[in-house]
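The values are calculated or read from the model by the stated rules, or taken from the named source; none is laboratory data. Bear in mind the structure is a predicted one, so any value in this text is a computation, not a measurement. Keep in mind that these areas ignore ligands, DNA and RNA; they rest on the heavy atoms of the full protein, side chains included. Shrake-Rupley method; radii C 1.70, N 1.55, O 1.52, S 1.80 Å.
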Amino acid sequence: METVMNAPERVLNQHLHAAQPAVRTTPVDGPIAWERDTLGEGDGMIPLDADSRRELDRVVDVIRHNPLPTAMLVPGDFELAACRAMMARVRKVLDDGVGFVIIDRLPMDEYSIDSRARSSTPRSSKRSRPWNAR
């Protein structure tokens, strides 16, 4: 008699049904297949422009003066047009470029640890989970 499994059990037991995990059989090519000698000096670097900096400064200022729990912060609470444009460039580099990004000139020393963690929520939720939510 076959055992009936609920959805979580099926997901956890999928390895029992798969013959082999999917493994890439073709070479990786394109910009993401970089080596030290092929990586340009500015590859993966996204400069923080003045408009994005002002927006981030405003977010940190609001958080400092109105300390809400991080879970209550959502991107729609802040006007972040310049940051959205910058994150679109980040997405392009991650998806179609070298596969990593360094946001150059992000003023981490000027923000407290709590402000940095909480201000990353609206920004990083546009791309992936914020680092402090893991």
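Give me a comma-separated list of calculated 3J(HN,Hα) values for the range 39-46, in order, Karplus coefficients 6.51, -1.76, 1.60 applied at θ = phi - 60°, integers in Hz, x for any Gly or Pro.
These are the phi-based 3J(HN,Hα) values: 7, x, 4, x, 5, x, 8, 10 Hz.
Once you have the Cα-Cα distance between Thr70 and Asp95, take 0.36 nm times their residue separation minus that, and quote the gain in nm to one decimal.
Taking 0.36 nm per residue and subtracting the Cα distance, the gain is 6.2 nm.
With a probe of 1.4 Å, find how much accessible area the range 39-115 has per residue, and write the answer as a whole number in Å².
I get 62 Å² per residue for the range 39-115.
Which of rounded, prolate, oblate describes the range 26-66, given a ≥ b ≥ c as roots of the alpha-carbon gyration tensor eigenvalues and a/c under 1.5 marking rounded, otherwise prolate only if a/b is larger than b/c?
It comes out prolate by the Cα gyration axes.
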